[in-house]
Amino acid sequence: MAKQAVDAVVFDVGRVLYQWQLSALFEKIVDDPVRLEKVLGEVVTEEWHFEHDRGRPLADMVPERIALYPEYEAEIRAYAGRFNETIPGPVPGSHALVERLDERGVPLFAITNFGAEFWAGFVPTAPIFTRFRDIVVSGEECLAKPDPAIFALSAERFGHDPAAMLFIDDNFANIESARECGWQVHHFTEAEGLERDLAARGLV
């Protein structure tokens, strides 16, 4: 059965457009491998970071974490103050696909799990987002993927039928939630696979 035509393409940001790894920062500032393992495995974890993605302010999170792990205050403050260093650079090949889609006039949007404060500090370093018509940021909305509510909000904001939008994400839970909300989806692993899918749909 032929796939429905796509009117708009909606990207995730982390690990689709930009690499993201907490270790990229902490490997610079923690020399002791045992301490580094503790930082990444218990103190500054992705699970804890996700509280900021859901809308919790750093002003609450950071003092609370320092109280829990006072001997790791320097690392916790580095997380808050040097977050852009957890983003080593673009995912290879993805930005070229964004540019090709934009040049063909395909409306581009994004839905990202990203803390509002960190987003404000990151966007000025990332000119690729000037090609996007709108971006729904979880920390600004206090809604995060895979909650179906963020897909409902995004569809309303973007002004396209979910069935005519292609949502691209590396996280399978997010993909499944979007699919259940009626979106077309692509489970991202690398840009070459995405390029093949976009080409098959006549988008690039």
Ala116 - would you say it is more than 19 Å from the chain's Cα centre (by Cα), touching a residue at least 24 places away in the same chain (Cβ under 8 Å) and either surrounded by 15 or more Cβ atoms within 10 Å (Cβ to Cβ) or closer than 19 Å to His49 by Cβ (or both)? no
State all residues of the stretch 167-184 that are open to solvent by less than 60 Å² (accessible area, probe 1.4 Å), outside any helix (DSSP H, G or I) and within 16 Å of Thr112 (Cβ to Cβ); if no residue qualifies, say none. Phe167, Ile168, Asp169, Asp170, Trp183
Do you know which of the residues in the stretch 92-113 that are crowded, with 20+ Cβ neighbours inside 10 Å and of a type in the set (Val, Ile, Thr) is farthest from Ala178 (Cα to Cα)? Val98
Return the pair list, or none, for Cβ contacts closer than 6 Å from residues in the stretch 4-22 that are on the phi < 0 side of the Ramachandran plot and among the aromatic types (Phe, Trp, Tyr) to residues that are modelled with pLDDT of 95 or more and surrounded by fewer than 18 Cβ atoms within 10 Å (Cβ to Cβ), at least 6 apart or on different chains. Tyr18/Pro90
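If a residue has to be assigned to a helix (DSSP H, G or I) and of a type in the set (Val, Ile, Thr) to count, how many in the stretch 185-196 make the cut? Steps first, answer last, please.
Taking the stretch 185-196 as the starting set, the residues that turn out to be assigned to a helix (DSSP H, G or I) are 191-196.
Checking the rest, the ones that are also of a type in the set (Val, Ile, Thr) come to none.
Of the residues in the stretch 185-196, 0 are assigned to a helix (DSSP H, G or I) and of a type in the set (Val, Ile, Thr).
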For residues in the stretch 102-120 being in a helix (DSSP H, G or I) and in contact with a helix residue (DSSP H, G or I) (Cβ under 7 Å, 6 or more places away or on another chain), which is farthest from Val16 (Cα to Cα)? Glu117
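Residue-wise test of (1) within 14 Å of Ala116 (Cα to Cα); (2) of a type outside the set (Asp, Glu).
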residue	(1), (2)
Trp48	no, yes
Glu51	yes, no
Ala59	yes, yes
Ile66	no, yes
Pro70	no, yes
Ala74	no, yes
Arg77	no, yes
Pro88	no, yes
Regarding Pro88, is this residue closer than 30 Å to Leu58 by Cα, open to solvent by 50 Å² or more (accessible area, probe 1.4 Å) and free of Cβ contacts under 8 Å to residues at least 40 places away in the same chain? no
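Say we look at the stretch 140-166 and pick out the residues that are out of contact with any Cys (no Cβ under 9 Å at 6 or more places or on another chain) and open to solvent by less than 10 Å² (accessible area, probe 1.4 Å); which of these is nearest to Asn113 (Cα to Cα)?
Restricting attention to the stretch 140-166, the residues satisfying the condition of being out of contact with any Cys (no Cβ under 9 Å at 6 or more places or on another chain) are 140-147, 149-150, 153-154, 156-161, 163-166.
Right, trim to open to solvent by less than 10 Å² (accessible area, probe 1.4 Å) and you get 145, 150, 154, 164-166.
On the way: Lys145: 7, Ile150: 10, Ser154: 13, Ala164: 22, Met165: 19, Leu166: 18 Å.
Filtering the stretch 140-166 for residues that are out of contact with any Cys (no Cβ under 9 Å at 6 or more places or on another chain) and open to solvent by less than 10 Å² (accessible area, probe 1.4 Å), the one nearest to Asn113 (Cα to Cα) comes out as Lys145.
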I need the full set of residues from the stretch 6-59 which are touching a helix residue (DSSP H, G or I) at 6+ places or on another chain (Cβ under 8 Å), within 27 Å of Thr189 (Cβ to Cβ) and open to solvent by 60 Å² or more (accessible area, probe 1.4 Å), in order please. Asp7, Gln21, Glu27, Arg54
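The values are calculated or read from the model by the stated rules, or taken from the named source; none is laboratory data. Bear in mind the structure is a predicted one, so any value in this text is a computation, not a measurement. So basically every Cβ, Gly included, is an ideal-geometry build from the backbone, and we count neighbours across all protein chains shown. Surface accessibility is based on the protein's heavy atoms, side chains included, excluding ligands, DNA and RNA. Shrake-Rupley method; radii C 1.70, N 1.55, O 1.52, S 1.80 Å.
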